[in-house]
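Undergrad: My questions all concern the structure below.
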Amino acid sequence: MKLLLHICCAPCAVYPLQILRNQAIEIVGYFFNPNIHPYREYRKRRAALEAYSRGVGLQVGYNDRYDLEFFLNNTLPLGPDRCRFCYTVRLQEAAQEAKKQGQEAFSTTLLYSRYQKHDWIREVGEEIGTKEGIPFFYQDFRAGWKEGIEASKSLGLYRQPYCGCIFSERDRFAPLKGSQRQQAVTF
């Protein structure tokens, strides 16, 4: 099978790439992540993937469309449901790119993270696949969570401390709860 693999970051690609290659799947990577903020963080993640992909012989395409206002305007009103929008934007773009390249299916390294909402990713991926006429390839890579972390550390890959969006950065570094968060954003 020829598969376009949406890649959120280099560390999350290590284990899925190994597993997919062991299944004799021909993989092309695709980096499209307008959710990553701030821009310096985006550049760090892109550079880490560039270095990693060279080292493992993975062809990766990079879509550097970076529209902060679009992302914030569309996610802010969604509250805790914003991840679904983020999955949709990235997987829609991946599906379209997979079709353009003549791939047989598309998938994402988001399926490696134990912090992502797998049910949403699968649901969104399958809906987009049906709409775009290209199958979404689902595989749960979470079993290799620890193995992937150790491998990425041994490779010296940049390992980011949060998911990518500004909201996850806030939650990681300024963890407030419910009413505390609402009070903190009151003007």
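Undergrad: Starting from residues that are among the charged types (D, E, K, R) and out of contact with any Asp or Glu (no Cβ under 9 Å at 6 or more places or on another chain), keep the ones in the range 161-180 and report whichever is modelled with the lowest pLDDT. Give the derivation first.
TA: Within the range 161-180, the first condition is being among the charged types (D, E, K, R), and the residues that meet it are 169-172, 177.
Remaining after also requiring out of contact with any Asp or Glu (no Cβ under 9 Å at 6 or more places or on another chain): 170-172, 177.
Working: Arg170: 83, Asp171: 82, Arg172: 80, Lys177: 63.
The residue in question is Lys177.
Undergrad: Separate question: Just one of (1) of a type in the set (D, E, K, R); (2) more than 24 Å from Met1 (Cα to Cα); (3) loosely packed, with under 14 Cβ neighbours inside 10 Å trips up Arg46, so point out which.
TA: (3)
Undergrad: Among the residues of the range 59-78, how many are in contact with a strand residue (DSSP E or B) (Cβ under 9 Å, 6 or more places away or on another chain) and among the aromatic types (Phe, Trp, Tyr)?
TA: Qualifying residue count, the range 59-78: 1.
Undergrad: Of all residues in the range 50-95 being of a type in the set (Val, Ile, Thr) and touching a residue at least 40 places away in the same chain (Cβ under 8 Å), which is nearest to Ser152 (Cα to Cα)?
TA: Val60
Undergrad: Within the group Arg114, Arg122, Arg159, which residue is among the charged types (D, E, K, R), free of Cβ contacts under 8 Å to residues at least 40 places away in the same chain and not in a helix (DSSP H, G or I)? Break it down stepwise before answering.
TA: On the way: Arg122 fails: not in a helix (DSSP H, G or I); Arg159 fails: free of Cβ contacts under 8 Å to residues at least 40 places away in the same chain.
Going through Arg114, Arg122, Arg159 in turn, the sole match is Arg114.
Undergrad: Would you mind telling me which numbered condition in (1) more than 21 Å from Tyr66 (Cβ to Cβ); (2) under 18 Å from the mean Cα position of the chain (by Cα); (3) modelled with pLDDT of 95 or more Thr108 fails?
TA: Every condition holds for Thr108 apart from (1).
Undergrad: May I ask you to verify whether Asn74 is in a helix (DSSP H, G or I), of a type in the set (S, T, N, Q) and modelled with pLDDT under 95? Walk me through how you get there before you give the answer.
TA: Values: in a helix (DSSP H, G or I): yes; of a type in the set (S, T, N, Q): yes; modelled with pLDDT under 95: yes.
Against the criterion (in a helix (DSSP H, G or I), of a type in the set (S, T, N, Q) and modelled with pLDDT under 95), Asn74 qualifies.
Undergrad: Another question, if that's okay. May I ask you to list the residues in the range 128-144 that are in a loop (DSSP other than H, G, I, E, B) and under 12 Å from Leu3 (Cα atoms)?
TA: Restricting attention to the range 128-144, the residues satisfying the condition of being in a loop (DSSP other than H, G, I, E, B) are 133-135, 137-141.
Correct list: Ile134, Pro135, Phe137, Tyr138.
Undergrad: Kindly indicate which of Tyr42, Tyr30, Tyr52 is part of a helix (DSSP H, G or I) and in contact with a helix residue (DSSP H, G or I) (Cβ under 6 Å, 6 or more places away or on another chain).
TA: Working: Tyr42 fails: in contact with a helix residue (DSSP H, G or I) (Cβ under 6 Å, 6 or more places away or on another chain); Tyr30 fails: part of a helix (DSSP H, G or I).
Just a single option satisfies the conditions, and that option is Tyr52.
Undergrad: Can I ask one more? Tell me, yes or no, whether the range 21-29 has at least one residue that is surrounded by fewer than 20 Cβ atoms within 10 Å (Cβ to Cβ) and in contact with a Leu (Cβ under 6 Å, 6 or more places away or on another chain).
TA: Residues of the range 21-29 that are surrounded by fewer than 20 Cβ atoms within 10 Å (Cβ to Cβ), as a first pass: 21-26, 28.
Of the ones still in play, those that are also in contact with a Leu (Cβ under 6 Å, 6 or more places away or on another chain) are 25, 28.
Yes, that holds for at least one residue.
Undergrad: Tell me which residues, restricted to the range 52-85, are charged (D, E, K, R) and either closer than 26 Å to Val28 by Cα or within 17 Å of the chain's Cα centre (by Cα) (or both).
TA: Narrowing the range 52-85 to residues charged (D, E, K, R): 54, 64-65, 67, 69, 81-82, 84.
Selection gives Arg54, Asp64, Arg65, Asp67, Asp81, Arg82, Arg84.
Undergrad: For the range 22-43, enumerate the residues that are more than 15 Å from the chain's Cα centre (by Cα) and without any contact (Cβ under 8 Å) to a residue 24 or more places away in the chain.
TA: Asn22, Gln23, Ala24, Arg40 - these are the residues of the range 22-43 that are more than 15 Å from the chain's Cα centre (by Cα) and without any contact (Cβ under 8 Å) to a residue 24 or more places away in the chain.
The values are calculated or read from the model by the stated rules, or taken from the named source; none is laboratory data. If you're wondering where the values come from, they're calculated on a predicted model, not measured in any experiment. Cβ atoms come from the backbone with ideal geometry, glycine included; neighbour counts cover every protein chain shown.
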